[in-house]
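Chemist: After the structure tokens below, expect a handful of questions from me.
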Amino acid sequence: MENHKKTKEPFEAYICMGLYILIVIVLTMEVVSRYVFSSSFRWSEELSRFLFVWLIFIGASYAVIKKSHIYIETFFMILPKKVKPYAQLIGNVVWLLFSLFACYLGVDQTLAIYNTSQLSPGMQIPMYLVYVAIPIGYLLMSLRVLQLIILEIKDLRKKTLNEEGNY
């Protein structure tokens, strides 16, 4: 009998799953409505697009946890073995700084949209509700990259202590 460990998925996984299910439901309703009843919902395409935007930005945070973001693997292959962890750490610090900067820009853009009181054309919802996905997504990504950096620092300390203890 196999021993199955329950792995706790991060909350981003559940949010992404919920958003994906909502997109599928909305688009299925639209297809059925259009081809069975020869009628269409004016808001379905817009809602599915907005949900997709949220899915992308929350999913980017989830991808950090799953280590699914792309990076230049060839660069790390040519580095000496002892240097690789430090190069990875530096790369993640740069990534964290970029994510925080993008979060700041996202907040700035969201506030600008909020101040215009712009509404979406189909559903007439405030557009800042769509734009706020940018700073939230980048903030979550920043937190996940920070967690990754902390784990890498702990691993580097362990390796250093183990190497010193072997002398």
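The values are calculated or read from the model by the stated rules, or taken from the named source; none is laboratory data. From a predicted model like this one, the values you see are computed outputs, not experimental measurements. When we count neighbours, we look across all protein chains shown, and the Cβ atoms used for this are built from the backbone with ideal geometry, even at glycine. To get the accessible areas, we keep the full protein, side chains included, count just its heavy atoms, and leave off ligands, DNA and RNA. Shrake-Rupley method; radii C 1.70, N 1.55, O 1.52, S 1.80 Å.
Chemist: Can PHE50 be described as within 22 Å of PRO121 (Cα to Cα), touching a residue at least 40 places away in the same chain (Cβ under 8 Å) and either in contact with an Asp or Glu (Cβ under 9 Å, 6 or more places away or on another chain) or part of a helix (DSSP H, G or I) (or both)?
Modeler: It is true that PHE50 is within 22 Å of PRO121 (Cα to Cα), touching a residue at least 40 places away in the same chain (Cβ under 8 Å) and either in contact with an Asp or Glu (Cβ under 9 Å, 6 or more places away or on another chain) or part of a helix (DSSP H, G or I) (or both).
Chemist: Here's a check for you: in region 110-129, which residue that is on the phi < 0 side of the Ramachandran plot and of a type in the set (S, T, N, Q) is most open to solvent (accessible area, probe 1.4 Å)?
Modeler: The extreme case among them is ASN115.
Chemist: Considering each of VAL107, VAL132, VAL145, VAL93 in turn, give the residue that is at pLDDT 90 or above and either within 30 Å of PHE41 (Cβ to Cβ) or open to solvent by 90 Å² or more (accessible area, probe 1.4 Å) (or both).
Modeler: VAL132
Chemist: Additional query: Of all residues being polar (S, T, N, Q) and assigned to a helix (DSSP H, G or I) in region 61-83, which is surrounded by the most Cβ atoms within 10 Å (Cβ to Cβ)? Just the residue, please.
Modeler: Of everything passing the filter in region 61-83, SER61 is surrounded by the most Cβ atoms within 10 Å (Cβ to Cβ).
Chemist: Let me ask something else. Sort out which residues of region 101-144 are in contact with a Ser or Thr (Cβ under 8 Å, 6 or more places away or on another chain) and over 25 Å from PRO10 (Cβ atoms), and write them in order of number.
Modeler: Answer for region 101-144, where residues must be in contact with a Ser or Thr (Cβ under 8 Å, 6 or more places away or on another chain) and over 25 Å from PRO10 (Cβ atoms): PRO126, MET127, TYR128.
Chemist: With respect to TRP54, is the statement that it is within 30 Å of ALA102 (Cα to Cα), at pLDDT 95 or above and aromatic (Phe, Trp, Tyr) true?
Modeler: Considered against the rule, which asks whether it is within 30 Å of ALA102 (Cα to Cα), at pLDDT 95 or above and aromatic (Phe, Trp, Tyr), TRP54 comes out as yes.
Chemist: Tally the residues that are in contact (Cβ under 8 Å) with a residue 24 or more places away in the chain and open to solvent by less than 80 Å² (accessible area, probe 1.4 Å), restricting the search to region 21-37.
Modeler: 2
Chemist: Right, TYR86: assigned to a helix (DSSP H, G or I) and either in contact (Cβ under 8 Å) with a residue 60 or more places away in the chain or in contact with a Cys (Cβ under 8 Å, 6 or more places away or on another chain) (or both) or not?
Modeler: Yes, satisfied.
Chemist: What tally of residues in region 38-53 results from selecting those that are open to solvent by less than 60 Å² (accessible area, probe 1.4 Å) and hydrophobic (A, V, I, L, M, F, W, C)?
Modeler: Number of matching residues: 4.
Chemist: Condition (residue is part of a helix (DSSP H, G or I), over 23 Å from CYS16 (Cα atoms) and among the β-branched types (Val, Ile, Thr)) applied to region 121-139: is it met by at least one residue?
Modeler: no
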